[in-house]
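Data block below; observations after.
The values are calculated or read from the model by the stated rules, or taken from the named source; none is laboratory data. Treat the numbers as computed from the prediction; the structure is a model and nothing was measured. Positions of Cβ are generated from backbone atoms using ideal geometry, with glycine treated the same way; all protein chains shown enter the neighbour counts.
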Amino acid sequence: MPIHRQPRGHVPNPRSAAGPTWIEEDRLIQQGYRLIAGVDEVGRGPLAGPVVAAAVVLDPTANLPWYDDLNDSKLLSPNKRNHLAPRITYGAIAVGIGAAESDEIDAIGIVPATRAAMTRAVANLPVRPDHLLIDAVSLSEPGLPYRHLVRGDSLCRSIAAASIVAKVARDSRMVVEDAVYPGYGFAKHKGYPSPEHLECLARLGPCPIHRRSFAPVRAML
């Protein structure tokens, strides 16, 4: 089956006031697809740490109670994300996580590294999906039909679930890195360029997980 690519910036359905819906999944199910993976990433903007992606295959017919709570991870509180992530992990048909580390980001650039993390997340699913729904980014590498949706994490429940899993996984990783590289405040700002982070970076210099290709870090080398 040929890979279906949408034009850049294509948004197939309007933003729902009630949050993400099953519209995209239902449309694909009507076309005969069954294992539909939502794919999203977290961590393109930080100055340190990996970019992390998740792929999540949900069952729209399961009617699980937490489905109605799914939303763009950026719109949820940390407590809500931490509440939902294990429910997604154990209640979904399949979940896969992939990452690209800071040295890979420096070597190939943030956009290719983002695609690499997403490809790894799909590859790490315990089942092979037959269609992908991706937040904003086109992704031909897995060799699967896909549709990318701008603001997909606020439109599509499968992508919203992936955004939550990726966000919680990356935040947890940065808490660990805070213990490995104390003094930068990674547990608080998760590597994003907050004033506190920039002050610590100026005082301590870059640590091994800082992205040396990003301007604020590069300027200090």
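Some notes on this structure:
- The residue that is surrounded by the most Cβ atoms within 10 Å (Cβ to Cβ), counting only those in segment 133-166 that are of a type in the set (Val, Ile, Thr) and under 9 Å from Gly38 (Cα atoms), is Ile159.
- Segment 203-221, residues that are of a type outside the set (A, V, I, L, M) and either assigned to a loop (DSSP other than H, G, I, E, B) or buried (at least 19 other Cβ atoms within 10 Å of the Cβ) (or both): Gly205, Pro206, Cys207, Pro208, His210, Arg211, Arg212, Ser213, Phe214
- Filtered residue count, segment 180-196, keeping only those that are out of contact with any helix residue (DSSP H, G or I) (no Cβ under 8 Å at 6 or more places or on another chain) and aliphatic (A, V, I, L, M): 1
- Within segment 143-191, being aromatic (Phe, Trp, Tyr) and not in a loop (DSSP other than H, G, I, E, B) holds for Tyr146, Phe186.
- Every test in (1) without any contact (Cβ under 8 Å) to a residue 24 or more places away in the chain; (2) in contact with a helix residue (DSSP H, G or I) (Cβ under 6 Å, 6 or more places away or on another chain); (3) exposed (fewer than 15 other Cβ atoms within 10 Å of the Cβ) is passed by Val176 save one, and that test is (2).
- Residue match in segment 165-185 (condition: modelled with pLDDT of 95 or more, more than 30 Å from Gly205 (Cα to Cα) and in contact with a Gly (Cβ under 7 Å, 6 or more places away or on another chain)): no
- Of all residues in segment 19-40 being within 23 Å of Thr114 (Cα to Cα) and β-branched (Val, Ile, Thr), the one that is surrounded by the most Cβ atoms within 10 Å (Cβ to Cβ): Val39
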